[in-house]
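The block underneath contains the structure these notes are about, expressed in structure tokens.
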Amino acid sequence: MLKGFRDFILRGNVVDLAVAVIIGAAFGAITSSLTADVITPTISALVGAPDFSNLIIHLPVLHHTTVACDSAKAVCPGDVHIGKFLNALINFLLVASAIYFGIVLPMQYLLKRFDKPKAEPPVTKACPQCLGDIPLAATRCKFCTQPV
């Protein structure tokens, strides 16, 4: 029973998947930092808001509620945190572009370079007498009527 588990864990694709998850988490932290610390303040400077992640759209509340909105993490009724969504969207676009340009595009290039086109099997053969092209299944040449 333990031998089967050991073989499963040491199989190449399981180890590769574990490495990919760890690298992906580290890359996610880098892109989150890039989004929150570099791109968001740049866009915020253009928009005029002091912090891009604090962009909120206030919608009218149609019913009375008793939720206190004193906490910074509390979501008040009628508040749409569009800035947090835009941060997540920018982060996703950064990750997707890095994966496409860093992994997918080079892999397509390498596969195209190493993948040689396969030759199609011949459908004709040369007649030994007149050297004309005749079908492979032919028993007599259509040009010189020589048996093949």
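Just so you know, all these numbers are worked out from the coordinates, no wet-lab data involved. Note that the structure is a prediction, hence the values are computed from the model and not measured. Here the Cβ positions follow ideal geometry from the backbone for every residue, glycine too, while neighbour counts run over all protein chains shown.
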| Name the pairs: first residue in the range 27-48 and closer than 26 Å to Ile103 by Cβ, second residue among the acidic types (Asp, Glu), Cβ to Cβ under 9 Å, at least 6 apart or on different chains? | Thr40/Asp51
| Just checking, which of Phe92, Phe85, Phe101 is assigned to a helix (DSSP H, G or I) and closer than 30 Å to Val61 by Cα? | Phe85
